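Written out below as structure tokens is the structure these notes cover.
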Amino acid sequence: MYSLLPWLFVVLMASTASAACPEDGVQIFPRPGSVVPTNTRLLLEGIGTARGLVADLPGKTVRLQTAGHEVRARIQRGWTSTLGRATVLLKLDGTLLPDKVYILRLDDVLPGTVALLNGAGPMTLPEWRSGKGPDKTGPYWLKRPAVSEGFSRRSEQGTTRYVRLTLAAREESPTYMVVTLTRKRSGASAQHYVVPVVNGTAMLGHEPCSGAFALEDGKSYRARVEVFDAAGNLAPAVPPMDFEAPAAPPGG
């Protein structure tokens, strides 16, 4: 039975974001604690001071372990950003056993002082439960991604700007999108980011000191998106989406 599942990790939504800036550290996709297919692909994102540590990981290996079984994952280059973030891919050399809890030994490749920002605690090794088997089919569109709304908010830390994308797909495992964002009629470099899909919503934007995309007031942007499931299967291609970034609210 297919169902729409929330994505993988705690995204910093503008409507519920903390007023304080997030700590430096790492986040991992799918969100620790979720159920993943036995052929899952993991993504590791370094934020702030952990960005360089994560960016240097391609070529290394890390272990996924459960009682009596171990799978190694090769770390491959992913995406980097101008907002202090870097993402790498962890490709498993084998498949997980079904219905087991696996721990990712991040301490194989990162110092124990690096905080896991979307785990049970800052020093906790992430873990997932494997599902019944592999996921070999990509997401099937029920509603292709579309720009829903843009909003901004001013606080003591600065201005939060987000553009909401809505979508619906028939898919058993968690989904995420890789977004390439460019300024229209501008020579600025494209921004490439991994964005979680949470309950059919993906958020493009940033808070004063964090988030995926740097958006400028009222500027025109084009977003090209690729949507994947937790096994790395790709959804059918969708046309690029054009939008204007929301302007900051008046006031100091």
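Structure data summary
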quantity: Where a residue in region 166-194 is at positive phi and its partner, wherever it lies, is modelled with pLDDT of 85 or more, with Cβ under 9 Å and at least six apart; calculated: ARG185/SER220
quantity: Residues satisfying the stated conditions in region 142-171, i.e. more than 25 Å from THR38 (Cβ to Cβ), surrounded by 14 or more Cβ atoms within 10 Å (Cβ to Cβ), at pLDDT 80 or above and among the hydrophobic types (A, V, I, L, M, F, W, C); calculated: VAL147, VAL163, LEU165, LEU167, ALA168
quantity: From the options LEU42, LEU53, LEU96, LEU64, residue that is surrounded by 19 or more Cβ atoms within 10 Å (Cβ to Cβ), closer than 30 Å to SER189 by Cβ and not hydroxyl-bearing (Ser, Thr, Tyr); calculated: LEU42
quantity: Strands (runs of 3 or more DSSP E) within region 38-145 that include 2 or more residues under 17 Å from GLY25 (Cα atoms); calculated: 41-47, 69-80, 85-92
quantity: Elements of type strands (runs of 3 or more DSSP E) contained in region 172-252, each with 1 or more residues being modelled with pLDDT under 80; calculated: 191-196, 201-207
quantity: Pair list, Cβ < 6 Å and 6+ apart or interchain, from region 137-151 residues that are small (Gly, Ala, Ser) to residues that are open to solvent by 40 Å² or more (accessible area, probe 1.4 Å); calculated: GLY138/LEU234; SER148/ARG164
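The values are calculated or read from the model by the stated rules, or taken from the named source; none is laboratory data. What you are looking at is a predicted structure, and each value in this text was computed from that prediction instead of being measured. Cβ sites come from the backbone with ideal geometry, for glycine too, and all protein chains shown count toward neighbours. Only protein heavy atoms, including side chains, enter the accessible area calculation; ligands, DNA and RNA are left aside. Shrake-Rupley method; radii C 1.70, N 1.55, O 1.52, S 1.80 Å.
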